[in-house]
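Please read the structure below before turning to the comments.
The values are calculated or read from the model by the stated rules, or taken from the named source; none is laboratory data. All values derive from a computational prediction rather than experimental measurement. Using ideal geometry, Cβ is built from the backbone for each residue, glycine included, and neighbour counts are taken over all protein chains shown.
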Amino acid sequence: MTFQGLQLQQLKRILAQPEKLTDYKIELHATGYIPENSDDVAVSFAPLLGNIVLKVVRPEQTLISAGALSQSFQINQSNALHLNSVNIPSTISLTMDYIYQGFVHILPRGLDHILFVLALLLFARKRSSLIWQISAFTLAHTITLALGIYGFVTISSTIVEPLIALSIVYVGLENIYRANQRTNSQARLPIIFAFGLLHGLGFASVLSEVGLPASQYLTSLISFNVGVELGQITVIALAFICLYPFRKKVWYQTKLVFSLNITIALVASYWLIERLI
């Protein structure tokens, strides 16, 4: 905790409340003395704690990136710390922060979303097929991300997460089933759209954890979604680079693509069982 660049050397006390522990969440209360003639205060945490959502006099809140110092908050001199106004971070800084959060939610943290996008790539025989599938998926998860964040749709993660795993199992197995069929790829779009709605609810849950500043709500939401899209594009690009040299091989579909689809379905099946238990 710093006051105009001067670090507070000692806090009076830090109280943890284990009884409020929920999964990985814990509430901490810290109190200390404010140095004289201090006009603002900023907070930072050890990098190992990861990103922190700092809420000040609700509903104002801001994101603190891992190991970084928060924006400064103006204070009044009194016997207690009183935060009376907030110095809002620049739009550019906030936009980049939330684009980053959206990106890392896909790559490297979002293995389930990575496998789903990879399954879409493995199914596509033509570029147009991939574009249609990704477009349907993107449109769908954008809709439910916005609806979830604004509170219009609220479904427990205990329901959403198993269904996301089930969606990955489905696309992996469908890829195998339709491997030798000359079916219209656009016939698959409704189910991809439906699965995109599920994944959007998963994104909304993550973004709720990160938090959105009330003063720049829409900007943060759009930036996070842009980061998600950039993550998906990166996954597709990396997968394409890895697979392209083998596309002309006679065993590409029968062995490589088949093995990848089986692996995707098996991993997702494990997740499904794990999330149901």
Exercise for the section: Go through segment 238-262 and count every residue that is touching a helix residue (DSSP H, G or I) at 6+ places or on another chain (Cβ under 8 Å), free of Cβ contacts under 8 Å to residues at least 12 places away in the same chain and of a type outside the set (Lys, Arg). Expected result: 2
Exercise for the section: Might you check whether a residue that is within 16 Å of the chain's Cα centre (by Cα) and at pLDDT below 90 occurs anywhere in segment 152-164? Expected result: yes
Practice task
Select from segment 230-275 the residues that are among the aromatic types (Phe, Trp, Tyr) and over 24 Å from residue 181 (Cα atoms) and list them in ascending order.
Solution key: 270, 271
Practice task
Determine if segment 237-248 includes at least one residue that is closer than 20 Å to residue 120 by Cα, in the same structural domain as residue 162 (by TED's automatic domain parsing) and part of a loop (DSSP other than H, G, I, E, B).
Solution key: yes
Exercise for the section: Inspect segment 98-105 for any residue being without any contact (Cβ under 8 Å) to a residue 12 or more places away in the chain, surrounded by fewer than 22 Cβ atoms within 10 Å (Cβ to Cβ) and not acidic (Asp, Glu) and give the result as yes or no. Expected result: no
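Residue-wise test of (1) crowded, with 22+ Cβ neighbours inside 10 Å; (2) over 14 Å from residue 225 (Cβ atoms); (3) not assigned by TED's automatic domain parsing to the domain that holds residue 240.
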site: 113; (1), (2), (3): yes, no, no
site: 116; (1), (2), (3): yes, yes, no
site: 121; (1), (2), (3): no, yes, no
site: 126; (1), (2), (3): no, yes, no
site: 131; (1), (2), (3): no, yes, no
site: 137; (1), (2), (3): yes, no, no
site: 153; (1), (2), (3): no, yes, no
Exercise for the section: Restrict the check to segment 177-195 and report whether at least one residue is within 27 Å of residue 220 (Cα to Cα), crowded, with 21+ Cβ neighbours inside 10 Å, of a type in the set (A, V, I, L, M) and modelled with pLDDT of 90 or more. Expected result: yes
